[in-house]
1. State all residues of segment 47-63 that are assigned to a loop (DSSP other than H, G, I, E, B) and touching a residue at least 24 places away in the same chain (Cβ under 8 Å); if no residue qualifies, say none.
2. I want to confirm something. Restricting to segment 201-243 and keeping residues that are over 24 Å from the mean Cα position of the chain (by Cα) and assigned to a helix (DSSP H, G or I), which single residue is nearest to residue 61 (Cα to Cα)?
3. Within segment 27-37, track down each residue that is of a type in the set (Gly, Ala, Ser), part of a strand (DSSP E or B) and over 15 Å from residue 80 (Cβ atoms).
4. If I filter segment 28-49 for residues that are at negative phi and over 20 Å from the mean Cα position of the chain (by Cα), do I get at least one hit?
5. Select from segment 228-249 the residues that are buried (at least 24 other Cβ atoms within 10 Å of the Cβ) and touching a helix residue (DSSP H, G or I) at 6+ places or on another chain (Cβ under 6 Å) and list them in ascending order.
6. Test residue 40 against the stated conditions and say whether it is in a loop (DSSP other than H, G, I, E, B) and within 27 Å of residue 261 (Cβ to Cβ).
7. Pick from 198, 175, 147: which is assigned to a loop (DSSP other than H, G, I, E, B), surrounded by 20 or more Cβ atoms within 10 Å (Cβ to Cβ) and on the phi > 0 side of the Ramachandran plot?
Amino acid sequence: MDLVEFMNRIPSNTHEAVYRLDRPDLGLIGFIALHSTALGPAFGGTRVWSYANEDQALEDVLRLSEGMSYKNAMADLNVGGGKAVLWIRDESAPREAIFTAFGEAIECLNGLYMTAEDVGTSVNDMQIIRKRTRHVVGLPQQDGRAGGDPSPWTALGVFCAVQSALTFQDRVIKGTRIAVQGCGHVGQSLCELLFAAGAVLTVSDIRPERAQAMAKAYGAQVCDPDLIMSTEADLLAPCSLGAGLNNRSIPNIRAKIIVGAANNQLATPKDGLELNNSGVIYVPDYIANAGGIISAVSESQGDKVELVEQRVRAIGNRVHDLLVKSKRYGRAPFQLADEMAKGILNEANIERVAGRSIA
């Protein structure tokens, strides 16, 4: 199938392919970015967000898709990294029409990109996409197999990463003061798991009713969103949008461990070094939050739920091994993780080129 009339490929020096979507009749501008298909088709969710301008949307999709390549590589998934962002400027536009058009765009990529839920999208949206392409997961669960909203799996992976980071410091979750920034689907599920394990919670969200719901359900203390990064806590769990760890927030962070679900938490690599130099353990987001994509890939393979849980819980072991290496070599965890992920992708690229040469 040829590119639909409203989708055009745009130049990129960092990604295998980037496509711009433009539907003025639906008030829709979007991007699909394929960072790497060295390990297989690019997997990554679709984010709906209100951006200030196109450049911001493009920057977001480029960063997110690169993160997906690293995430998928480090989670031992035989898939590449991609992402889509949709900027719906006309809120009155029919959602059915928007995701129907988006499904047609995905179908044009002939299987190079597989989508799923992300911020601002739902199982229902994925079902609309499915009417136009089979390259979508996050569909309703059937017959005990993987499927449905991946958020609980993302939360479970982060929970396992929290456990591992605390164990590394000879601590347990019970009695630990944990600040959760963002109480969306993943944040809510994470709060439930942390509360059940005995954590003392402080929460924030830009939608006050979400934070209040966590206070009512789990006895959490509600914090102003502008103050959550600097609140008194043993562990900080960023579960909102990216780049929250930056030169403005880092000097005020009191927590000595950071493990969260948000993507691209570091604004720059320099910020990761600053955290490490100040004695803060920062678990790379793309290792901790891989539960959702593990579920998505498992769904595409028809795997049982039990296998998904086994794979997601393995995140804890991955975090432990990374922190041990970090201590042994005296280097920041994110540096080691980045190098490992790039090594996996480079090796796959070499094998792919060699395979083409033989053919």
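The values are calculated or read from the model by the stated rules, or taken from the named source; none is laboratory data. Remember, predicted model here, so these are calculated numbers, not experimental data. So basically every Cβ, Gly included, is an ideal-geometry build from the backbone, and we count neighbours across all protein chains shown.
1. Keep residues of segment 47-63 that are assigned to a loop (DSSP other than H, G, I, E, B), which gives 49-53.
49, 50, 51, listed by residue number.
2. Looking at the filtered set, the residue picked out is 212.
3. 30
4. yes
5. Matches in segment 228-249: 239, 245.
6. Yes, satisfied.
7. Values: 198 fails: surrounded by 20 or more Cβ atoms within 10 Å (Cβ to Cβ); 175 fails: surrounded by 20 or more Cβ atoms within 10 Å (Cβ to Cβ).
The conditions single out 147.
A quick yes/no check of all residues on (1) aliphatic (A, V, I, L, M); (2) touching a helix residue (DSSP H, G or I) at 6+ places or on another chain (Cβ under 7 Å); (3) modelled with pLDDT of 95 or more:
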site	(1), (2), (3)
121	no, no, yes
179	yes, yes, yes
187	no, no, yes
191	no, yes, yes
